[in-house]
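What follows is one structure encoded as structure tokens, with my remarks underneath.
Derivation of every value follows stated rules applied to the coordinates shown; laboratory data play no part. All values reported here derive from a predicted model rather than from experimental measurement. Note that we place each Cβ from the backbone using ideal geometry, even for glycine, and neighbour counts take in every protein chain shown.
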Amino acid sequence: MKFSHIALAAALTVVGFAGSAHAADDAVMNKCRACHTWEAGKKGKQGPNLFGIVGSAAGSNADFKYNKSSVLPDVGAKGVVWDAALIDEYLQDPTKFLQRVLGDAKAKSKMTFKLKGADKADERAAIIEFLSNNK
Ligand code: HEC
């Protein structure tokens with residue numbers, strides 16, 4: 001029984017992503033909602049608008065005022081462009097990601113949220129797939 005539920009959820013996910021990324025399909029983004037929007041043209045909240053984030057340089061949203069001590073724009077300046085693997089790494093531990101990419105053990109993220117661990121891999125994948133289509 002458990003398996004059929006998972007299969008059904010997977011099937012619904014596929015159907016959801018087959019269409020364009022409309023608001024009705026964005027339940028996978030619930031954990032991001034407090035701090036982000038991903039609707040084109042909307043103002044960012046605590047974090048930047050995530051519309052078109054996949055394929056964009058890190059920290060490069062011209063309409064968002066990154067915190068003055070944010071080092072995320074430095075990551076983009078190094079030529080780092082968000083793809084699925086990098087977002088997967090970032091979501092698990094944003095500070096660790098910045099420290100690795102910048103080679104600076106003191107770097108600290110302004111995003112305090114983590115979606116960490118192998119047990120959350122499917123959740124991250126669904127979020128990343130949503131974001132990939134949201135452009
Ligand atoms: C508690 C608030 C908060 C939550 C929850 C949150 N974020 Fe963030 N996020 C931020 C902030 C603040 C930044 C800017 C980080 C910085 O400047 O270091 C950010 C940055 C980002 C970036 C980099 C954007 C860029 O301009 O390069 C991505 C990608 C991202 N968040 C994805 C997500 C996703 C996906 C979720 C949900 C799973 C999420 N965030 C949940 C606050 C949050």
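Brief remarks follow.
- Cα convex hull of region 54-135, projected area averaged across orientations, nm²: 5.5
- Cβ crowding within 10 Å averaged over residues, with 70-76, 103-109, 36-42, 116-122 ranked highest first: 70-76, 36-42, 103-109, 116-122
- Region 13-135: relative contact order as a whole-number percent, Cα under 8 Å and 6+ apart: 27
- Of K45/K106; K68/K108; K78/K106; K43/K116; K31/K110; K43/K106, those spanning more than 24 Å from alpha-carbon to alpha-carbon: K45/K106; K43/K116; K43/K106
- Reduced Cα scattering model of region 86-133, Debye log10 I(q)/I(0), q = 0.22, 0.23, 0.25, 0.26 Å⁻¹: -0.76, -0.81, -0.89, -0.93
- Relative to its Kirkwood radius, the Cα radius of gyration of region 21-73 gives an Rg/Rh of 0.97.
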